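Inspection log for the structure reproduced underneath, given as structure tokens.
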Amino acid sequence: MPIDNRSITLAYAALLISPLFFSTNVVFGRAATDIAPFLLAFIRWGVSGLILLLLCKNRWPLMWALVKTQWPTLLLLGFLGMFICGGIVYLALKETTATNGTLIYTMPPVVIILIERLWRKRPLKWRETIGVTLAAIGVGIIVAKGSFSTLLNLDFNSGDLLFLAAALSWAVYSVVLKSRIFAELGTLPLFALVALFGAVILFPFALWEIIKGEDMPNTLHHWSIISGIVVLSSLIAFSTFQHGVRILGPSVAGIFMYLLPAFGLTFAWFFLGEIIQSFHIVGTLAILSGVILATFPVQLLRNNRPAK
């Protein structure tokens with residue numbers, strides 16, 4: 001697909017709403033701590049993958065050809081994006097808050113840029129460097145609660161450490177997703193394959209939870225949460241993000257994940273009663289400023305200038 005101004009504009013729009021839907025997953029997950037975590041993740045990705053598979057029926061031959069040749073990479077993506085950023089995240093939410101999880105999940109943009117710099121020798125533009133630095137300062141303000149001494153004495157619990165592992169995993173997932181081996185496959189077919197491979201990896205862990213007699217979804221409230229996770233946190237969130245990655249690259253797409261605090265903290269306050277304080281607002285403003293500076297499509301303004 002040729003990448004024109006319209007494609008770039010749509011990709012930016014997709015990345016703008018992507019963190020909004022991603023942030024719902026942490027809120028849903030925190031509200032579903034009475035459901036076995038790996039079973040919850042298995043249902044999430046199994047159902048999402050099957051829905052996408054049906055929607056991509058006309059692409060099945062190409063999808064099957066890709067599975068036969070690239071199944072190890074698809075397994076890796078399923079492990080990084082669905083097992084660690086799925087089951088492990090739901091396990092982490094049993095020990096930490098949605099606010100903590102959202103804040104730690106803003107780390108991938110910095111890691112993505114470092115990975116691309118080291119792996120693909122991608123040069124950094126000055127706007128990206130300053131923007132990422134400004135956004136990182138915003139994250140630091142939020143994590144440190146506006147106190148430098150707090151930043152020097154961070155004490156993560158087990159849930160926070162699991163979220164840290166998920167943040168690093170998401171960064172690697174984003175870079176691998178940009179691989180040229182997937183160039184001929186559209187966003188939704190690729191997402192369908194990754195989701196199904198993730199479900200395959202999650203299945204034995206979900207089965208073990210069932211055998212152990214852990215908490216199962218058995219109420220209308222449980223299934224309402226699962227429906228929200230499938231539609232909002234999975235189908236919409238991952239599809240929009242993957243589309244942005246494929247058009248603009250993981251570094252630009254990853255920077256948009258700095259918007260997670262703005263959406264995540266708002267949802268945590270509104271739905272879970274977690275408190276937003278002044279340092280959250282200051283940090284979020286710094287993050288948004290960094291995102292705009294690092295990712296604003298200047299070429300669109302140049303192309304739209306009136307001819308002299």
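Each value in this text was obtained by applying a stated rule to the coordinates, not by laboratory testing. In this text, all values refer to a predicted model and were calculated from it rather than measured experimentally. Cβ coordinates were reconstructed from backbone atoms using ideal geometry, including for glycine residues, and neighbour counts include every protein chain displayed.
By per-residue mean of other Cβ atoms within 10 Å, what is the highest-first order of 280-293, 205-218, 46-59?
On the way: 280-293: 19.8, 205-218: 13.8, 46-59: 17.1.
Top of the packing list down: 280-293, 46-59, 205-218.
Going by a ≥ b ≥ c, the root eigenvalues of the Cα gyration tensor, does the chain fall in the rounded group (a/c under 1.5), the prolate group (a/b larger than b/c) or the oblate group?
Working: a/c = 1.76, a/b = 1.08, b/c = 1.63.
Taking the square roots of the gyration eigenvalues as a ≥ b ≥ c, the chain is oblate.
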Which one, LEU235, VAL110, PHE83, projects farthest toward the positive side of the charge dipole computed for the chain from Cβ point charges (K/R +1, D/E -1)? VAL110
Over the chain: helical MRE at 222 nm, DSSP H runs n ≥ 4 each giving -39500 (n - 2.57), nearest 500: -23000 deg cm²/dmol
Normalising by the residue count of the range 11-299, find the relative contact order in percent from Cα pairs under 8 Å and 6+ residues apart. 43
Magnitude of the Cβ-charge dipole (Lys and Arg +1, Asp and Glu -1) of the range 11-299 about the Cα centre, nearest 20 debye, reported as 1040
Pairs over 28 Å Cα to Cα, from LYS68/LYS178; LYS68/LYS121; LYS57/LYS178; LYS125/LYS178, come to LYS68/LYS121
Spin-label proximity, THR9 to the range 227-245 - amide N less than 20 Å from point 7 Å beyond Cα toward beta carbon: 240-241, 243-245
Where in the chain are the DSSP H helices whose C-alpha atoms run 24 Å or more along the long axis and whose mean Kyte hydropathy is at least 0.0? 5-31, 37-55, 126-143, 158-177, 187-212, 278-295
